[in-house]
Amino acid sequence: MRLRYNYRLYPDAAQREALAKAFGCARVVFNDGLRARQQAREAGLPYLTDAELSRQVTAAKLTPERAWLGEVSSVVLQQALADLNTAYRAFFASLSGKRMGRKVALPRFRSRKDSRQAVRFTANARFKVLDNGRLRLPKIGDVEVRWSRGLPAAPTSVTVVRDAAGRYFASFVVQTADQPLPELDSEVGIDLGLTHFAVMSDGTKVSAPKFLRRAARKLRRLQQGLSRKQRGSNNRRKAVRKVARAHAKVADTRRDWQHKLSTQIIRDNQAVFVEDLCVTGLARTRLAKSVHDAGWSQFAAMLEYKAARYGRTFARVDRFFPSTRMCSDCGRINDKMALNVRTWGCPCGSLHDRDVNAARNIRAAGRADLNDRGAQVRPAPVPAPRSEAVTRRERAPSGVQQTGISTLQGGEGVKAPSASTTTNSPTDSSRTSSANSPPSPPDRSCTSAATKPTRPPTRTTAPS
């Protein structure tokens, strides 16, 4: 499994200037490649391949207008083109339906005012982690790194990122082996919410920390100060950075808390089941701020990759599964209930906590969908065959009373309609004769001659 390890960088003034040049050159190469493909499409020319764009970048470095591209590592420029090619492939895959999820748009031009700038160095760039703890980057220098933990293996690439708060990070991509944990017997279903961030099927409730709500007062004061600054001034740039740092602190605190909680859940349970929530749709409601503050998607992604790494089972339950309205004891699906209804009773006599009942149903649904062999045990609905969907009257068993038809016992006093007196069509004649024909009893002596129907069927001839 490939994982990312992020560390804080502390470059000096000269190194920050060299990184700024690398960010700018990568942005220019990306925009040049995007513009070249757009112009080729407008002119009706064939799609420019990756090799053609790479040759154009190499030729541009020899021109006076783009001579400053040679001041940075060539790997940075090639990786910028690789990012452009990845964006185009994602767009084409989304257009053809091969890519699942939301539709992906065409790549857009990068701006120097983007809050996030990044460059990537692969193994060809020959970056190196020195013995003194510094990170050596080509044409940038030896950058100081704050090592919060060691790397489990040699990194295959490193991405240097500058965020909106002006902080620098080194993101290493490391190929690691899975570390399966000892198997357990416990399985848990998790119901994610706003009042309680997570409610477990065993009754455990984790309160929502609401990091954004707690920092709202400070953020409001900083954003009010930002709105009073003149656009383009140095004071406004300082205020923008203060607001970005406050938001970054909230995001970092939330991420750290979710990492600790997800690790604890994965270690204590062999299988974890969560509901596949539509966060995009919930973010359009009046609860949008609270939904974004919870960070459900990020937490579910942590559970998924940690389960794969530590040998646990992780599954998502369909979002349309009625986990809240279904009784976890008898399986009855009740009517919809408002959000303020936290406890409800089932006609079977069970009294349920809304969230705990939903977590139990999620665990049961996860077990049903993901059995020991990993097979899908809940088949999808299919249309019934016409032979099963049509009721055939002639196949009704004898001796059964049906609506509007009286079945005769014995058959005395009944004559079949003659061909000279019937006026029905061939289809109706066959249907009438089959309905009036008496069944052959096993023993005539056991049949009573006085047995007659109370409402005889319609006859075309009078009985004798």
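Quick notes on this one:
- One way to sum up the overall shape of the stretch 213-287 is the equivalent ellipsoid from its Cα gyration tensor, whose semi-axes run 36, 17, 10 Å, largest first.
- Integer Hz, Karplus 6.51/-1.76/1.60 couplings in order for the stretch 48-61, x for Gly and Pro: 6, 7, 5, 5, 5, 5, 5, 5, 5, 5, 5, 6, 5, 5
- Dipole axis of the stretch 105-217 (+1 Lys, Arg; -1 Asp, Glu on Cβ), positive-most option in Gly203, Pro138, Leu151: Pro138
- Within straight-line cross-link reach of Lys205, lysines at Cα separation under 27 Å, skipping those fewer than 8 residues along the same chain: Lys249, Lys260, Lys289, Lys306, Lys336
- Here the simple spin-label model places points 7 Å from the Cα toward Cβ, and for Thr195 and Cys348 these points are separated by 2.3 nm.
- Heavy-atom accessible area order for Val240, Val158, Val279, largest first, 1.4 Å probe: Val240, Val279, Val158
- Relative to the current alpha-carbon distance between Lys128 and Thr63, full extension at 0.36 nm per residue lengthens the span by 20.2 nm.
- Rounded to the nearest whole angstrom, the semi-axes of the ellipsoid equivalent to the stretch 69-172, taken from the Cα gyration tensor as √(5λ), stand at 29, 16, 15, largest first.
- With both labels modelled 7 Å from their Cα along Cα-to-Cβ, the Asp318 to Gln223 distance reads 3.9 nm.
- Cross-link reach list, lysines versus Lys128, counting only Cα pairs under 27 Å and skipping chain neighbours closer than eight places: Lys21, Lys61, Lys139
- Fully extended contour minus Cα-Cα distance, from Arg35 to Lys336, at 0.36 nm per residue: 103.1 nm
- Enclosed volume per residue, in Å³, of the convex hull spanned by Cα atoms of the stretch 1-77: 134
- Mean separation of Cα pairs under 8 Å and 6 or more residues apart, divided by the residue count, gives the stretch 79-221 a relative contact order of 13 percent.
- Radius 9 Å from Cβ of Val145, net charge of other residues (Lys, Arg +1; Asp, Glu -1): +2
- Column: log10 I(q)/I(0), Debye, Cα scatterers of the stretch 203-249, q = 0.33 Å⁻¹: -1.17
- Mean separation of Cα pairs under 8 Å and 6 or more residues apart, divided by the residue count, gives the stretch 179-241 a relative contact order of 16 percent.
- Relative contact order computed over the stretch 1-142 (Cα-Cα under 8 Å; 6+ residues apart), in percent: 28
- Cβ-Cβ FRET estimate between Lys205 and Arg136, R0 fixed at 45 Å, reported to 0.05: 0.35
- Computed with every protein chain present, the accessible area of Met1 is close to 60 Å² [probe 1.4 Å].
- Our coupling estimate for the stretch 351-367, obtained by passing each phi through the Karplus curve with A = 6.51, B = -1.76, C = 1.60 and θ = phi - 60°, is 10, 10, 7, 4, 6, 5, 4, 5, 5, 5, 5, 5, 5, 5, 5, x, 5 Hz, Gly and Pro reported as x.
- With a Förster radius of 56 Å applied to the C-beta separation of Asp329 and Tyr47, the computed FRET efficiency comes to 0.40.
- Both radii were evaluated on the Cα set of the stretch 1-156; the Rg over Rh quotient, with Rh as the Kirkwood radius, amounts to 1.01.
- For Ser157, the residues 5 or more places off, or on other chains, whose built amide H falls under 5 Å of its own are Val173.
- Solvent-accessible area per residue for the stretch 44-147 (1.4 angstrom probe, square angstrom): 67
- Ratio of the Cα radius of gyration of the stretch 139-193 to 2.2 N^0.38 Å, where N counts its residues: 1.80
- Links that overshoot a 27 Å alpha carbon limit, given the list Lys103/Lys210; Lys113/Lys218; Lys218/Lys238: Lys103/Lys210
- Inter-part distance where the stretch 249-288 and the stretch 2-36 are each reduced to a Cα centre, Å: 31
The values are calculated or read from the model by the stated rules, or taken from the named source; none is laboratory data. Only a predicted model underlies this, so the values are computations on that prediction, with no experimental measurement involved. Ideal geometry is used to build each Cβ from the backbone, glycine not excepted, and the neighbour counts take in all protein chains shown. Protein only, heavy atoms only, side chains kept; ligands, DNA and RNA dropped before computing areas. Shrake-Rupley method; radii C 1.70, N 1.55, O 1.52, S 1.80 Å.
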